[in-house]
Each structure stands twice: as C-alpha cells, then as structure tokens.
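**Q** First, the structure itself, so that you have it in front of you.
Taken together, the values in this text are just the output of simple stated rules run on the coordinates, not laboratory data. Every value quoted in this text rests on a predicted model; they were computed, and no experiment measured them. Don't worry about glycine lacking a Cβ; one is built from the backbone with ideal geometry, like all the others, and counts go over all protein chains shown.
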Amino acid sequence: MSTRAVLVTGATGTLGREVLPAAVAAGHRVRATSRHEHPDDEVRWHCCDLVTGRGVQAAVDGVDVILHCATQPIGDKDVVSTQNLLDAARRAAVAHVVYVSIVGVDRIPLPYYKTKLRAERVLATSDVGHTVLRATQFHDLIAAMFGAQRLSPLLFVLRGVSFQPIDTTDVAARLVELAGAEPSQRAPDIGGPEVRNHADLARAYLAERGSRRWVAPLPAPGKIVAGYRAGAHLAPQNPVGSVRFEEYLRRS
C-alpha cells in the first residue's frame, strides 16, 4: 500500500480516535480535523467546523484521501457537513473520499439512518471519487443502550432482535485499507464476528458488571423495529475481526 496524505474527520470521536493511530501505523501522512486544537507530534491537526465550512478548505488542500468519520445525529448536519467537505475536496482535487455509514440505512426508517442515507446520496451524485463503507453497530453503542438503563430494576431489550456488534478497531483497520485503494463507490458491508440475540448481549453486559438484574424482552411495534427483526442491519455474509462483546466490555 502506497503512502498517502490522509485527512481524518471526526478524529476525536468514537471511531476517529481509532482511525488516527491505524493510519499513522500504516505509514500515511496523517491530518485530522477538530473544532479545537490538539497538539500531536504524529498528526497535523486542523481546527475547523464542517457544518459552517470554517477552516475546511485549509484542512483539505494537499490531501490525497479523506476518511470521513465525523457524524452528528441531530438534524441535517451530516448532510451539510458532507456537502461542504465534498465542495472543498473538489476544489483541492482530492482523489478519494471514504465515508462511513451504517448497514441498513436504506431499509430501516430511523431518522438518523435517513440522514446517513442522504449523505450517501450526496456522495453518489458528486464528481469526487468516493467509497461508502457500511458497518454494523459498534460495541460502544450496544453497551451505551444498556448503560442508559442503569437506574432501571430491569434491563429491557427488543424481543426477536439480534445485533452483530463490531469493534471500532476493526472498522478503523478496514478504513485504512480503503485509504490505500482506489475509489469503488460502495465497499462490501462489514459486521462483527458474531450475530447475537439482544437478550444474550444484555446478559453478557450484566454478568461483566456483576449485576443480578433480570433481562426483560419487550415486543415493539412499528416499521423501525420490524426492520431490525428482519435483520436489515446485519452483515452475516462478511464478519470482520475477532473481538467479541465480552472482550470489549472487559477492555472498556
């Protein structure tokens, strides 16, 4: 894989902070964006705002590949930031933009998923070389779903729903691979090493924390949960990595 000038957006986020060391270890000349200054001997930081466009052009100029990991789940900010980034990339003649999306954004009518899908379409209609990588839910998200119920006497889960949680280090590794490849518009979806029932994941979470709470599966109506029950958010045909949910919990 040839060495390239790589810009990582959202570099202080859950995924971005794993992408940075992976890109550096691969030998790339790495830049990163943040709204605040972050001194680093191995990474050149650019203070910018993707939504307003402030500082974006300076961050993009001279870059070969952009790994677009920044995401904001409120409103249309993901769409706006992606458009601003693409406009700057076009002016700077950036060869490749890699965008991280979610498996099932076109099949599950969750508002955040609809926004991610619109951001994908902004890429698809642009004249900038790009690759979209869809991944299943991160371990962090599954754990956060359970952690949000820490004051409840029961741990509620979705009946009939499974997840395929993936470790952010494995997603980061795949993104760095794509940074060294040519644009392909859409990379194969990736998921974690195993598909597991939501209740099973909940029991693993409680066991790791020494909790004796009961797991309570709940039926949930609506098209969103129906999409999850149908497995629209899974990628069993392409499991990646070996980090199981229990290992993530022990590590975190």
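**Q** Taking the beta-carbon count within 10 Å as an exposure proxy, list F245, F156, F163 from fewest neighbours to most.
**A** Numbers: F245 22, F156 18, F163 27.
Sorted ascending by nearby Cβ count, the order is F156, F245, F163.
**Q** Skipping prolines and chain starts, which residues have an amide H placed within reach, meaning under 5 Å, of the one on R159, given they are 5 or more residues away or on another chain?
**A** Hits under the 5 Å cutoff: L218, A220.
**Q** Follow-up. Based on the Cβ-Cβ distance from D61 to A148, what FRET efficiency comes out when R0 is 41 Å, to the nearest 0.05?
**A** Here the calculated transfer efficiency is 0.50.
**Q** How about region 158-252: which trypsin sites (Lys or Arg not before Pro) there are in a DSSP loop, with at most 13 other Cβ atoms within 10 Å of their Cβ?
**A** On the way: sites: R159, R174, R186, R196, R203, R209, R212, R213, K223, R229, R244, R250, R251; in loops: R159, R209, R212, R213, R244.
Passing sites in region 158-252 are R209, R212.
**Q** Provide the net charge surrounding A202, with neighbours chosen by a C-beta distance below 12 Å and charges set as Lys +1, Arg +1, Asp -1, Glu -1.
**A** Values: positive: R159, R196, R203, R209, R213; negative: D200, E208.
Net local charge, A202 excluded: +3.
**Q** Could I ask something else about it? Can you spot the lysines whose alpha carbon is less than 22 Å from K77's alpha carbon? Ignore those fewer than 8 places along the same chain.
**A** K114, K116
**Q** Rounded to the nearest 5, what % of the DSSP beta bridges within the chain are antiparallel ones?
**A** Values: 2 of 34 bridges.
Counting DSSP beta bridges with both partners in the chain, the antiparallel share is about 5 percent.
**Q** Rounded to whole Å, give me the distance from the Cα center of region 1-70 to that of region 126-149.
**A** A separation of 18 Å, based on Cα centres.
**Q** Of V103, G10, L154, which is farthest on the positive side of the dipole of the chain, counting Cα position, with +1 on Lys and Arg Cβ, -1 on Asp and Glu Cβ, and the Cα centre as origin?
**A** Farthest along the dipole direction, towards plus: L154.
**Q** Give the distance, in whole Å, between the Cα centre of region 87-119 and the Cα centre of region 185-245.
**A** Using only Cα atoms to place each centre, the spacing works out to 23 Å.
**Q** Only Lys, Arg, Asp and Glu count, each charged at its Cβ (+1, +1, -1, -1), so figure out the dipole size of region 57-108 about its Cα centre, rounded to 20 debye. List each step's numbers first, then the result.
**A** Values: 4 positive and 6 negative charges, 9 e Å.
For region 57-108, the charge dipole is close to 40 debye.
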